[in-house]
1. Calculate the mean, over all residues of peptide A:200-208, of how many other protein chain Cβ atoms lie within 10 angstrom of the residue's Cβ.
2. Based on the Cα atoms of segment A:116-244, what semi-axes does the equivalent ellipsoid have, where each is the square root of 5 times one gyration tensor eigenvalue, given in whole Å with the largest first?
3. Tell me the angle of helix A:33-46 to the major Cα principal axis of chain A, expressed in degrees between 0 and 90 and rounded to the nearest ten.
4. Give me the distance between the Cα centres of segment A:93-148 and segment B:189-213, rounded to whole Å.
5. Average projected area of the Cα convex hull of segment B:99-245, in nm²?
6. Quick one: Kirkwood hydrodynamic radius for the protein assembly as shown, alpha-carbon pairs, angstrom, one decimal?
7. Please provide three numbers in whole Å: the alpha-carbon extents of chain B along the principal axes, with the largest listed first.
8. For segment A:1-112, state the average projected area of the convex hull of the C-alpha atoms over all orientations, rounded to one decimal in nm².
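The values are calculated or read from the model by the stated rules, or taken from the named source; none is laboratory data. None of the values given here were measured: they were computed from a predicted structure. We place every Cβ from the backbone using ideal geometry, glycine too, and count neighbours over all the protein chains shown. Accessible surface is based on the protein model in full, side chains and every heavy atom, while ligands, DNA and RNA are left aside. Shrake-Rupley method; radii C 1.70, N 1.55, O 1.52, S 1.80 Å.
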Amino acid sequence: MHFTLKIWRQENADVAGGIQTYEVDDISGDTSFLEMLDILNDQLESDGGLPVAFDHDCREGICGTCSLMINGTPHGPETTTTCQLHMRSFQDGDTIFIEPWRAAAFPVVRDLVVDRSAFDRIIRAGGFVSIDTGSAQDANNTPIPKDDADYAFDAATCIGCGACVAACKNASAMLFVSAKVSHLAHVPQGDAERRGRVLSMVDTMDAEGFGSCTNYTDCEAACPKAISTDHIAVLNREFIRAKIGRTT
Amino acid sequence: MVSQNQLFRTGPLASVLAKIGVAITGGGLILFVLAHMFGNLQVFLGPDTFNLYAYKMQHMVLLWPARIGLLAIFVAHMGLVFLLTRQNSVARPVGYASYEPIQSTVASRYMLQTGVVILLFVVYHLLHFTLHRVHYPDSTVGFAAQIEYQTPPYVGQQMHNAYDMVVYSFQQPVVALVYVLAQLFLAAHLWHGGQSLFQTIGMKNENRRALLTRVGPLLAMVVLIGNCSIPIAVLLNILQASSTA
(Lines give C-alpha, C1' and ligand atoms only; values in the text may rest on other atoms or scores of the structure.)
Protein backbone atom coordinates (compact mmCIF):
# COMPACT_ATOMS: atom_id res chain seq x y z
CA MET A 1 0.00 0.00 0.00
CA HIS A 2 1.06 3.57 -0.63
CA PHE A 3 0.39 6.44 1.76
CA THR A 4 0.96 10.18 1.75
CA LEU A 5 1.75 11.26 5.30
CA LYS A 6 1.20 14.82 6.54
CA ILE A 7 3.18 14.86 9.78
CA TRP A 8 3.64 17.65 12.32
CA ARG A 9 7.36 18.37 12.70
CA GLN A 10 8.66 20.58 15.49
CA GLU A 11 12.24 20.57 16.70
CA ASN A 12 11.45 21.53 20.28
CA ALA A 13 8.94 23.38 22.46
CA ASP A 14 10.52 26.77 21.74
CA VAL A 15 10.35 26.82 17.95
CA ALA A 16 7.38 26.88 15.64
CA GLY A 17 6.44 23.66 13.91
CA GLY A 18 4.62 22.79 10.72
CA ILE A 19 3.15 19.99 8.65
CA GLN A 20 5.62 18.13 6.40
CA THR A 21 4.63 15.72 3.65
CA TYR A 22 6.20 12.27 3.25
CA GLU A 23 5.48 9.29 1.01
CA VAL A 24 5.73 5.64 2.08
CA ASP A 25 5.48 2.68 -0.30
CA ASP A 26 5.12 -1.09 -0.12
CA ILE A 27 3.34 -1.05 3.24
CA SER A 28 1.55 -4.28 4.08
CA GLY A 29 -1.96 -4.04 5.52
CA ASP A 30 -0.72 -6.09 8.48
CA THR A 31 1.87 -3.44 9.38
CA SER A 32 0.95 -1.65 12.57
CA PHE A 33 0.69 2.12 12.44
CA LEU A 34 3.84 2.52 14.55
CA GLU A 35 5.75 0.02 12.39
CA MET A 36 4.75 2.11 9.39
CA LEU A 37 6.31 5.13 11.15
CA ASP A 38 9.40 2.98 11.91
CA ILE A 39 9.69 2.26 8.19
CA LEU A 40 9.35 5.97 7.42
CA ASN A 41 12.05 6.75 10.00
CA ASP A 42 14.45 4.19 8.47
CA GLN A 43 13.81 5.84 5.14
CA LEU A 44 14.41 9.32 6.58
CA GLU A 45 17.60 8.27 8.36
CA SER A 46 19.06 6.57 5.29
CA ASP A 47 18.38 9.81 3.39
CA GLY A 48 20.28 11.71 6.09
CA GLY A 49 17.18 13.27 7.67
CA LEU A 50 15.98 13.31 11.25
CA PRO A 51 13.49 10.61 12.27
CA VAL A 52 9.99 11.61 13.39
CA ALA A 53 9.82 11.49 17.19
CA PHE A 54 6.74 9.72 18.58
CA ASP A 55 5.86 8.10 21.91
CA HIS A 56 5.61 4.33 22.14
CA ASP A 57 6.43 1.62 24.63
CA CYS A 58 4.61 -1.69 25.10
CA ARG A 59 2.99 -1.74 21.65
CA GLU A 60 0.39 -4.07 23.19
CA GLY A 61 -2.34 -1.50 23.85
CA ILE A 62 -1.94 -1.53 27.61
CA CYS A 63 0.63 1.05 28.69
CA GLY A 64 -0.93 4.26 27.37
CA THR A 65 2.32 5.68 26.02
CA CYS A 66 1.44 5.93 22.36
CA SER A 67 -0.67 8.84 21.27
CA LEU A 68 -1.09 10.49 17.83
CA MET A 69 -4.01 12.37 16.33
CA ILE A 70 -4.60 10.42 13.13
CA ASN A 71 -6.80 12.12 10.51
CA GLY A 72 -8.35 14.24 13.22
CA THR A 73 -9.22 11.34 15.55
CA PRO A 74 -7.14 10.26 18.57
CA HIS A 75 -5.56 6.83 17.95
CA GLY A 76 -7.12 6.79 14.47
CA PRO A 77 -10.29 5.21 13.10
CA GLU A 78 -10.54 2.13 15.38
CA THR A 79 -11.45 2.02 19.09
CA THR A 80 -7.96 1.04 20.18
CA THR A 81 -4.55 2.51 20.82
CA THR A 82 -2.34 3.72 17.97
CA CYS A 83 0.02 0.76 18.50
CA GLN A 84 -2.84 -1.67 17.92
CA LEU A 85 -4.00 0.13 14.79
CA HIS A 86 -3.03 -1.54 11.52
CA MET A 87 -2.68 -0.12 8.06
CA ARG A 88 -5.53 -2.34 6.79
CA SER A 89 -7.82 0.22 8.45
CA PHE A 90 -6.82 2.63 5.65
CA GLN A 91 -7.26 2.58 1.88
CA ASP A 92 -4.32 2.30 -0.50
CA GLY A 93 -3.32 5.81 -1.57
CA ASP A 94 -4.81 7.53 1.48
CA THR A 95 -3.44 10.82 2.78
CA ILE A 96 -3.02 10.54 6.56
CA PHE A 97 -2.64 13.53 8.86
CA ILE A 98 -0.54 12.73 11.95
CA GLU A 99 -0.47 15.36 14.68
CA PRO A 100 0.40 15.50 18.37
CA TRP A 101 -2.28 15.79 21.08
CA ARG A 102 -3.18 19.49 21.21
CA ALA A 103 -3.64 21.07 24.63
CA ALA A 104 -1.96 23.85 26.56
CA ALA A 105 -1.49 21.30 29.35
CA PHE A 106 0.28 18.91 26.93
CA PRO A 107 3.13 21.01 25.47
CA VAL A 108 4.93 19.55 22.46
CA VAL A 109 8.37 18.20 23.36
CA ARG A 110 9.38 17.27 19.83
CA ASP A 111 7.43 16.39 16.67
CA LEU A 112 4.59 14.12 17.87
CA VAL A 113 5.78 13.76 21.46
CA VAL A 114 3.90 15.77 24.08
CA ASP A 115 4.57 16.17 27.79
CA ARG A 116 1.69 14.45 29.61
CA SER A 117 3.09 14.92 33.12
CA ALA A 118 0.06 17.12 33.91
CA PHE A 119 -1.83 13.82 34.25
CA ASP A 120 0.75 12.61 36.79
CA ARG A 121 0.27 15.77 38.82
CA ILE A 122 -3.52 15.28 38.81
CA ILE A 123 -3.08 11.71 40.07
CA ARG A 124 -0.62 12.97 42.68
CA ALA A 125 -3.28 15.40 43.90
CA GLY A 126 -5.49 12.56 45.12
CA GLY A 127 -5.80 9.75 42.59
CA PHE A 128 -4.68 7.10 45.03
CA VAL A 129 -5.42 5.67 48.49
CA SER A 130 -3.05 6.99 51.14
CA ILE A 131 -4.17 4.71 53.95
CA ASP A 132 -1.72 2.03 55.02
CA THR A 133 -3.95 -1.04 55.07
CA GLY A 134 -1.39 -3.42 56.57
CA SER A 135 -1.01 -6.94 55.31
CA ALA A 136 -3.62 -8.50 53.05
CA GLN A 137 -6.75 -9.70 54.80
CA ASP A 138 -8.83 -12.70 53.86
CA ALA A 139 -10.48 -12.51 50.49
CA ASN A 140 -14.11 -11.37 50.66
CA ASN A 141 -13.66 -10.03 54.19
CA THR A 142 -15.06 -6.76 52.90
CA PRO A 143 -18.01 -7.56 50.64
CA ILE A 144 -18.24 -5.35 47.55
CA PRO A 145 -21.32 -5.65 45.33
CA LYS A 146 -20.42 -7.12 41.95
CA ASP A 147 -21.90 -4.12 40.11
CA ASP A 148 -19.72 -1.73 42.08
CA ALA A 149 -16.62 -3.84 41.56
CA ASP A 150 -17.31 -4.05 37.81
CA TYR A 151 -18.02 -0.33 37.58
CA ALA A 152 -14.84 0.52 39.48
CA PHE A 153 -12.88 -1.82 37.25
CA ASP A 154 -14.28 -0.26 34.07
CA ALA A 155 -13.03 3.11 35.29
CA ALA A 156 -9.71 1.65 36.43
CA THR A 157 -8.94 0.45 32.91
CA CYS A 158 -7.90 4.02 32.04
CA ILE A 159 -4.32 3.91 30.74
CA GLY A 160 -3.85 7.68 30.93
CA CYS A 161 -3.04 8.09 27.23
CA GLY A 162 -4.76 11.48 26.94
CA ALA A 163 -6.98 10.64 23.95
CA CYS A 164 -9.93 12.16 25.83
CA VAL A 165 -8.14 15.51 26.08
CA ALA A 166 -7.07 15.31 22.44
CA ALA A 167 -10.60 14.54 21.24
CA CYS A 168 -12.35 17.18 23.33
CA LYS A 169 -13.11 20.44 21.57
CA ASN A 170 -12.27 22.14 24.90
CA ALA A 171 -9.15 20.06 25.65
CA SER A 172 -10.88 18.99 28.87
CA ALA A 173 -9.43 16.24 31.08
CA MET A 174 -12.76 15.44 32.73
CA LEU A 175 -12.95 11.84 31.49
CA PHE A 176 -9.46 11.08 32.78
CA VAL A 177 -10.11 12.71 36.17
CA SER A 178 -13.56 11.15 36.46
CA ALA A 179 -12.22 7.67 35.73
CA LYS A 180 -9.95 7.84 38.77
CA VAL A 181 -12.52 9.56 41.02
CA SER A 182 -15.24 7.08 40.02
CA HIS A 183 -12.93 4.08 40.35
CA LEU A 184 -11.99 4.96 43.93
CA ALA A 185 -15.49 6.13 44.90
CA HIS A 186 -16.91 2.68 44.11
CA VAL A 187 -14.60 0.66 46.35
CA PRO A 188 -14.34 0.84 50.15
CA GLN A 189 -10.63 1.56 50.07
CA GLY A 190 -11.29 4.89 48.37
CA ASP A 191 -14.28 5.89 50.43
CA ALA A 192 -12.46 7.52 53.36
CA GLU A 193 -10.76 10.16 51.21
CA ARG A 194 -13.43 10.65 48.53
CA ARG A 195 -14.33 14.21 49.57
CA GLY A 196 -10.82 15.62 49.48
CA ARG A 197 -9.89 13.57 46.46
CA VAL A 198 -12.44 15.02 44.08
CA LEU A 199 -11.86 18.62 45.19
CA SER A 200 -8.12 18.32 45.00
CA MET A 201 -8.06 16.55 41.64
CA VAL A 202 -10.49 19.04 40.05
CA ASP A 203 -8.42 21.89 41.46
CA THR A 204 -5.24 20.47 39.96
CA MET A 205 -7.01 19.78 36.66
CA ASP A 206 -7.99 23.46 36.47
CA ALA A 207 -4.54 24.63 37.56
CA GLU A 208 -2.89 22.55 34.83
CA GLY A 209 -4.85 24.49 32.21
CA PHE A 210 -7.27 21.90 30.87
CA GLY A 211 -10.61 23.11 29.52
CA SER A 212 -14.02 22.41 31.00
CA CYS A 213 -16.49 19.73 30.00
CA THR A 214 -19.41 20.71 27.76
CA ASN A 215 -20.70 17.14 27.38
CA TYR A 216 -19.72 16.67 23.72
CA THR A 217 -18.95 13.01 24.63
CA ASP A 218 -16.32 12.74 21.88
CA CYS A 219 -13.93 11.67 24.67
CA GLU A 220 -15.72 8.39 25.38
CA ALA A 221 -15.78 7.59 21.66
CA ALA A 222 -12.03 8.29 21.40
CA CYS A 223 -11.12 6.36 24.55
CA PRO A 224 -9.25 3.16 23.60
CA LYS A 225 -10.65 1.59 26.77
CA ALA A 226 -14.22 2.78 26.02
CA ILE A 227 -14.59 4.49 29.39
CA SER A 228 -18.09 5.97 29.55
CA THR A 229 -18.92 9.62 30.24
CA ASP A 230 -21.23 8.21 32.93
CA HIS A 231 -18.12 8.46 35.08
CA ILE A 232 -18.12 12.23 34.48
CA ALA A 233 -21.61 12.30 36.01
CA VAL A 234 -20.13 10.41 38.96
CA LEU A 235 -17.38 13.03 39.22
CA ASN A 236 -19.96 15.83 39.17
CA ARG A 237 -21.99 14.01 41.81
CA GLU A 238 -18.92 13.44 43.99
CA PHE A 239 -18.01 17.10 43.58
CA ILE A 240 -21.47 18.29 44.68
CA ARG A 241 -21.46 15.90 47.65
CA ALA A 242 -17.98 17.08 48.63
CA LYS A 243 -19.06 20.73 48.42
CA ILE A 244 -22.24 20.17 50.41
CA GLY A 245 -20.59 18.24 53.20
CA ARG A 246 -18.97 15.09 54.38
CA THR A 247 -20.29 11.94 52.83
CA THR A 248 -19.44 9.60 55.68
CA MET B 1 0.47 10.91 51.25
CA VAL B 2 -2.26 13.40 50.50
CA SER B 3 -2.02 16.08 53.17
CA GLN B 4 -5.19 17.57 54.59
CA ASN B 5 -4.18 20.97 53.26
CA GLN B 6 -3.90 19.56 49.82
CA LEU B 7 -7.17 17.73 50.20
CA PHE B 8 -9.15 20.85 51.00
CA ARG B 9 -7.32 23.17 48.68
CA THR B 10 -9.73 24.24 46.00
CA GLY B 11 -10.08 27.34 43.87
CA PRO B 12 -12.84 29.86 44.51
CA LEU B 13 -14.56 28.90 41.30
CA ALA B 14 -13.66 25.42 40.13
CA SER B 15 -14.62 24.69 36.54
CA VAL B 16 -16.97 21.95 37.74
CA LEU B 17 -18.72 24.38 40.09
CA ALA B 18 -19.09 26.93 37.29
CA LYS B 19 -20.56 24.25 35.05
CA ILE B 20 -23.04 23.23 37.74
CA GLY B 21 -24.00 26.91 37.90
CA VAL B 22 -24.57 26.97 34.13
CA ALA B 23 -26.67 23.80 34.39
CA ILE B 24 -28.85 25.07 37.24
CA THR B 25 -29.40 28.52 35.71
CA GLY B 26 -30.07 26.80 32.38
CA GLY B 27 -32.65 24.64 34.12
CA GLY B 28 -34.27 27.77 35.53
CA LEU B 29 -34.36 29.35 32.07
CA ILE B 30 -35.91 26.17 30.65
CA LEU B 31 -38.70 26.38 33.24
CA PHE B 32 -39.24 30.02 32.21
CA VAL B 33 -39.31 29.11 28.51
CA LEU B 34 -41.96 26.44 29.21
CA ALA B 35 -44.09 28.73 31.40
CA HIS B 36 -43.78 31.51 28.78
CA MET B 37 -44.81 29.13 26.01
CA PHE B 38 -47.82 27.67 27.84
CA GLY B 39 -48.89 31.19 28.85
CA ASN B 40 -48.67 32.38 25.26
CA LEU B 41 -50.53 29.37 23.88
CA GLN B 42 -53.61 30.86 25.59
CA VAL B 43 -53.77 33.04 22.47
CA PHE B 44 -55.63 30.08 20.94
CA LEU B 45 -58.32 30.44 23.65
CA GLY B 46 -59.43 33.79 22.22
CA PRO B 47 -58.78 37.51 22.77
CA ASP B 48 -60.50 37.79 26.15
CA THR B 49 -58.58 34.94 27.78
CA PHE B 50 -55.27 36.09 26.32
CA ASN B 51 -55.73 39.76 27.15
CA LEU B 52 -56.76 38.92 30.70
CA TYR B 53 -53.67 36.69 31.05
CA ALA B 54 -51.49 39.54 29.80
CA TYR B 55 -53.27 41.98 32.12
CA LYS B 56 -52.76 39.74 35.14
CA MET B 57 -49.09 39.23 34.29
CA GLN B 58 -48.64 43.01 33.99
CA HIS B 59 -50.35 43.64 37.33
CA MET B 60 -48.77 40.76 39.22
CA VAL B 61 -47.52 41.90 42.66
CA LEU B 62 -44.20 40.14 42.14
CA LEU B 63 -43.74 41.40 38.55
CA TRP B 64 -40.53 43.32 39.22
CA PRO B 65 -38.97 40.81 41.63
CA ALA B 66 -39.71 38.11 39.04
CA ARG B 67 -38.21 40.20 36.22
CA ILE B 68 -35.11 41.00 38.25
CA GLY B 69 -34.75 37.37 39.32
CA LEU B 70 -35.06 36.17 35.74
CA LEU B 71 -32.54 38.76 34.57
CA ALA B 72 -30.13 37.66 37.32
CA ILE B 73 -30.43 34.01 36.22
CA PHE B 74 -29.91 35.01 32.58
CA VAL B 75 -26.86 37.14 33.41
CA ALA B 76 -25.39 34.43 35.69
CA HIS B 77 -25.85 31.84 32.92
CA MET B 78 -24.02 34.04 30.41
CA GLY B 79 -21.35 35.18 32.88
CA LEU B 80 -20.39 31.65 33.86
CA VAL B 81 -20.37 30.58 30.20
CA PHE B 82 -18.10 33.52 29.44
CA LEU B 83 -15.61 32.38 32.11
CA LEU B 84 -15.71 28.74 30.97
CA THR B 85 -15.38 29.69 27.31
CA ARG B 86 -12.32 31.76 28.11
CA GLN B 87 -10.84 28.80 29.97
CA ASN B 88 -11.61 26.52 27.02
CA SER B 89 -10.12 28.84 24.44
CA VAL B 90 -6.78 29.01 26.25
CA ALA B 91 -6.82 25.25 26.85
CA ARG B 92 -5.99 24.60 23.19
CA PRO B 93 -3.76 27.39 21.86
CA VAL B 94 -2.72 25.46 18.73
CA GLY B 95 -5.50 23.77 16.81
CA TYR B 96 -5.45 20.67 14.62
CA ALA B 97 -4.83 20.74 10.87
CA SER B 98 -7.31 17.88 10.67
CA TYR B 99 -10.05 17.43 13.28
CA GLU B 100 -13.07 15.13 13.12
CA PRO B 101 -15.80 15.20 15.77
CA ILE B 102 -16.62 11.57 16.55
CA GLN B 103 -20.06 11.40 18.14
CA SER B 104 -20.79 14.90 19.45
CA THR B 105 -23.99 16.45 18.14
CA VAL B 106 -24.00 19.61 16.02
CA ALA B 107 -26.18 21.19 18.71
CA SER B 108 -23.55 20.53 21.38
CA ARG B 109 -20.73 22.04 19.33
CA TYR B 110 -22.58 25.27 18.56
CA MET B 111 -24.03 26.05 22.02
CA LEU B 112 -22.16 29.35 22.22
CA GLN B 113 -23.33 30.50 18.78
CA THR B 114 -26.96 29.48 19.33
CA GLY B 115 -26.78 31.13 22.75
CA VAL B 116 -25.59 34.43 21.25
CA VAL B 117 -28.42 34.35 18.68
CA ILE B 118 -30.92 33.71 21.50
CA LEU B 119 -29.51 36.71 23.40
CA LEU B 120 -29.93 38.96 20.35
CA PHE B 121 -33.45 37.62 19.84
CA VAL B 122 -34.38 38.26 23.48
CA VAL B 123 -33.28 41.90 23.08
CA TYR B 124 -35.39 42.21 19.92
CA HIS B 125 -38.32 40.41 21.54
CA LEU B 126 -38.29 42.80 24.53
CA LEU B 127 -38.04 45.84 22.23
CA HIS B 128 -40.96 44.45 20.26
CA PHE B 129 -43.56 43.06 22.70
CA THR B 130 -42.51 44.57 26.04
CA LEU B 131 -41.17 48.04 25.23
CA HIS B 132 -43.14 48.47 21.95
CA ARG B 133 -40.17 50.16 20.23
CA VAL B 134 -39.85 48.07 17.08
CA HIS B 135 -42.40 46.46 14.78
CA TYR B 136 -45.17 47.45 17.18
CA PRO B 137 -48.34 47.72 15.13
CA ASP B 138 -50.15 51.08 14.90
CA SER B 139 -53.64 52.23 14.00
CA THR B 140 -52.78 52.49 10.27
CA VAL B 141 -53.04 48.69 10.08
CA GLY B 142 -56.22 48.76 12.16
CA PHE B 143 -54.66 48.11 15.58
CA ALA B 144 -56.34 49.49 18.71
CA ALA B 145 -53.87 49.42 21.58
CA GLN B 146 -56.56 49.49 24.31
CA ILE B 147 -59.75 47.51 24.43
CA GLU B 148 -62.66 47.26 26.75
CA TYR B 149 -62.93 43.83 28.31
CA GLN B 150 -66.15 41.96 27.47
CA THR B 151 -66.32 39.02 29.88
CA PRO B 152 -67.45 39.11 33.53
CA PRO B 153 -66.20 39.96 36.09
CA TYR B 154 -63.98 42.43 34.17
CA VAL B 155 -66.64 43.94 31.88
CA GLY B 156 -65.71 47.49 30.96
CA GLN B 157 -62.14 47.22 32.21
CA GLN B 158 -59.62 48.89 29.88
CA MET B 159 -56.86 46.50 28.94
CA HIS B 160 -53.87 46.43 26.60
CA ASN B 161 -54.89 44.66 23.42
CA ALA B 162 -52.12 42.07 23.61
CA TYR B 163 -54.02 39.64 21.40
CA ASP B 164 -54.23 42.05 18.47
CA MET B 165 -50.66 43.19 19.06
CA VAL B 166 -49.54 39.59 18.47
CA VAL B 167 -51.79 39.10 15.45
CA TYR B 168 -50.93 42.38 13.70
CA SER B 169 -47.22 41.85 14.42
CA PHE B 170 -47.09 38.37 12.94
CA GLN B 171 -49.10 39.47 9.92
CA GLN B 172 -45.81 41.05 8.85
CA PRO B 173 -44.06 38.01 7.29
CA VAL B 174 -40.58 39.34 8.18
CA VAL B 175 -41.49 39.50 11.87
CA ALA B 176 -43.01 36.01 11.81
CA LEU B 177 -39.90 34.72 10.03
CA VAL B 178 -37.56 36.25 12.62
CA TYR B 179 -39.53 34.57 15.40
CA VAL B 180 -39.59 31.18 13.69
CA LEU B 181 -35.85 31.33 12.93
CA ALA B 182 -35.10 32.32 16.52
CA GLN B 183 -37.09 29.31 17.72
CA LEU B 184 -34.87 27.04 15.57
CA PHE B 185 -31.81 28.39 17.38
CA LEU B 186 -33.56 28.03 20.74
CA ALA B 187 -34.50 24.45 19.88
CA ALA B 188 -30.89 23.64 18.97
CA HIS B 189 -29.74 25.14 22.28
CA LEU B 190 -32.33 23.13 24.22
CA TRP B 191 -31.54 19.95 22.25
CA HIS B 192 -28.16 19.81 23.98
CA GLY B 193 -28.73 21.90 27.10
CA GLY B 194 -31.97 20.13 28.00
CA GLN B 195 -30.14 16.83 28.52
CA SER B 196 -26.60 18.01 29.24
CA LEU B 197 -27.71 19.67 32.48
CA PHE B 198 -28.63 16.27 33.97
CA GLN B 199 -25.09 15.06 33.30
CA THR B 200 -23.59 18.18 34.90
CA ILE B 201 -25.60 17.92 38.08
CA GLY B 202 -24.63 14.25 38.28
CA MET B 203 -28.03 12.71 37.60
CA LYS B 204 -27.03 10.51 34.68
CA ASN B 205 -25.93 6.94 35.20
CA GLU B 206 -25.99 3.73 33.22
CA ASN B 207 -29.71 3.16 33.80
CA ARG B 208 -31.01 6.71 33.44
CA ARG B 209 -28.72 7.82 30.62
CA ALA B 210 -30.91 6.75 27.70
CA LEU B 211 -34.00 8.34 29.21
CA LEU B 212 -32.39 11.61 30.33
CA THR B 213 -30.57 12.02 27.00
CA ARG B 214 -33.98 12.10 25.27
CA VAL B 215 -35.23 14.95 27.43
CA GLY B 216 -33.27 17.57 25.46
CA PRO B 217 -34.57 16.64 21.98
CA LEU B 218 -38.11 16.24 23.37
CA LEU B 219 -37.97 19.62 25.07
CA ALA B 220 -36.56 21.20 21.89
CA MET B 221 -39.39 19.83 19.76
CA VAL B 222 -42.12 20.82 22.23
CA VAL B 223 -40.81 24.39 22.46
CA LEU B 224 -40.22 24.64 18.72
CA ILE B 225 -43.71 23.45 17.80
CA GLY B 226 -45.43 25.32 20.65
CA ASN B 227 -43.79 28.67 20.02
CA CYS B 228 -43.85 28.52 16.21
CA SER B 229 -47.53 27.58 16.19
CA ILE B 230 -48.46 31.19 17.04
CA PRO B 231 -46.80 33.09 14.14
CA ILE B 232 -47.73 30.26 11.76
CA ALA B 233 -51.38 30.33 12.91
CA VAL B 234 -51.45 34.08 12.27
CA LEU B 235 -49.96 33.72 8.77
CA LEU B 236 -52.51 30.98 8.00
CA ASN B 237 -55.32 33.26 9.23
CA ILE B 238 -56.24 30.79 11.98
CA LEU B 239 -55.70 33.63 14.44
CA GLN B 240 -57.36 36.85 13.29
CA ALA B 241 -57.51 40.34 14.74
CA SER B 242 -60.36 40.76 17.21
CA SER B 243 -61.11 44.41 16.51
CA THR B 244 -60.14 47.21 14.17
CA ALA B 245 -59.40 50.77 15.17
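1. Values: counts 8, 1, 6, 9, 4, 3, 9, 2, 1.
Mean partner-chain Cβ count within 10 Å for A:200-208: 5.
2. They are 25, 16, 13 Å, listed largest first.
3. 40
4. Using only Cα atoms, the two centres lie 26 Å from each other.
5. For segment B:99-245, averaging the hull's shadow over all directions gives 12.7 nm².
6. Numbers: mean 1/r = 0.0385 Å⁻¹.
It works out to 26.0 Å.
7. Principal-axis extents of chain B (Cα, largest first): 78, 43, 37 Å.
8. Averaged projected area of segment A:1-112's Cα convex hull equals 6.9 nm².
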